[in-house]
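Engineer: Sharing a structure, written as structure tokens. Questions coming.
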Amino acid sequence: MEKPMLEVCDLIKQYRQSDTVIHAVNRATFRVEDGEFVAIMGTSGSGKSTLLHLCAGLLSPNSGLIRIRGNDITKMSADKLARFRGQYVGFIFQKHNLIPQLTALENITLPAMMMKKPDYSYEHSLKKLTETLKIRDRLHHLPDALSGGQQQRVAIARALINRPQILFADEPTGNLDRKNADEVMELLLQMRQEMGQTLLMVTHDAALAARADRILYMEDGVLSPRPFL
Ligand SMILES: Nc1ncnc2c1ncn2[C@@H]1O[C@H](COP(=O)(O)OP(=O)(O)OP(=O)(O)O)[C@@H](O)[C@H]1O
Ligand SMILES: [Mg+2]
């Protein structure tokens, strides 16, 4: 039996601002199974991005456990964590976070260059991703020369190029207009279905969340399987 995809236990993250303490994530405990699509909903400032960044190893908690496939990422050295992330984790940010000096192609392939997975060549994935996401003819442009929707599709390709087992997406279409957002979201869900990734996605869109296997709700740093009243 393989270890669970993601296990989070008693996770706490506080931010200090002068003499106040913000309890951004307050004792979050949950588990995500292999292949599940879990949506996270909650009001602005409730701690959703903080939670996602913690789970992906982009931020360290004050205390608590985060296990990805049984590996506690909170105990890893920076080096080991970077390698582990390259191997297991994909992240799509609300604002694409592409490197402005690199072309779309260079942005997409960067994780593959940095993280040479044994027995894996990224070329096949690259072809498939860029075809499905309809960015083949934009690959040699810098991010600034792409539309918002294209930038986000490049960011999706970058997140998927190493075929991560778990994909985190923080309101990945929050910056796009409705039509673009719907199109990019369909592509993301289609790619994820084909590649079989586990997906944890923050969204404000109730219709989208309804398509997830499960919804978790967040309010003032507290995570709950039921909506807050
Ligand atoms: N780097 C930081 N330093 C101090 N406080 C922070 C920092 N990042 C977030 N916070 C605070 O932590 C709380 C949770 O923020 P977070 O960004 O996780 O919320 P969110 O649910 O993602 O909100 P949104 O829906 O607006 O994206 C907020 O009160 C926020 O102001
Ligand atoms: Mg956020």
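Engineer: Within the stretch 109-121, is even one residue assigned to a loop (DSSP other than H, G, I, E, B) and modelled with pLDDT of 95 or more?
Structural biologist: No, the stretch 109-121 has no match at all.
Engineer: In the list L110, L6, which residue meets the criterion of being away from ligand 2 (no atom under 16 Å from the Cβ) and buried (at least 20 other Cβ atoms within 10 Å of the Cβ)?
Structural biologist: L6
Engineer: Just checking, which of L54, L58, L98 is within 16 Å of ligand 2 (Cβ to nearest atom), part of a loop (DSSP other than H, G, I, E, B), aliphatic (A, V, I, L, M) and modelled with pLDDT of 95 or more?
Structural biologist: L58
Engineer: Shifting gears a bit: Would a scan of the stretch 158-171 turn up a residue that is under 13 Å from the mean Cα position of the chain (by Cα), part of a loop (DSSP other than H, G, I, E, B) and farther than 18 Å from R85 by Cβ?
Structural biologist: yes
Engineer: Within the stretch 145-157, which residues are of a type in the set (A, V, I, L, M, F, W, C), more than 19 Å from H53 (Cβ to Cβ) and either part of a helix (DSSP H, G or I) or modelled with pLDDT under 95 (or both)?
Structural biologist: Residues of the stretch 145-157 that are of a type in the set (A, V, I, L, M, F, W, C), as a first pass: 145-146, 154-157.
Right, trim to more than 19 Å from H53 (Cβ to Cβ) and you get 145-146, 154, 157.
Scanning the stretch 145-157 gives A145, V154, A157.
Engineer: Can you confirm whether V32 is closer than 15 Å to I215 by Cβ, more than 7 Å from ligand 1 (Cβ to nearest atom) and surrounded by 22 or more Cβ atoms within 10 Å (Cβ to Cβ)?
Structural biologist: Yes.
Engineer: Would you be able to say whether some residue in the stretch 36-52 is free of Cβ contacts under 8 Å to residues at least 12 places away in the same chain and either within 16 Å of ligand 1 (Cβ to nearest atom) or touching a Gly at 6+ places or on another chain (Cβ under 6 Å) (or both)?
Structural biologist: yes
Engineer: Can I ask one more? Working only within the stretch 6-32, note down all residues that are modelled with pLDDT under 95 and either within 17 Å of the chain's Cα centre (by Cα) or in a loop (DSSP other than H, G, I, E, B) (or both).
Structural biologist: Scanning the stretch 6-32 gives S18, D19.
Engineer: Regarding the stretch 54-68, can at least one residue be identified that is under 23 Å from A157 (Cα atoms), surrounded by fewer than 22 Cβ atoms within 10 Å (Cβ to Cβ) and in contact (Cβ under 8 Å) with a residue 40 or more places away in the chain?
Structural biologist: yes
The values are calculated or read from the model by the stated rules, or taken from the named source; none is laboratory data. Just so it is clear, the model here is predicted, and its values are computed rather than measured. Glycine also receives a Cβ, built like all others from the backbone with ideal geometry; neighbour counts cover every protein chain displayed.
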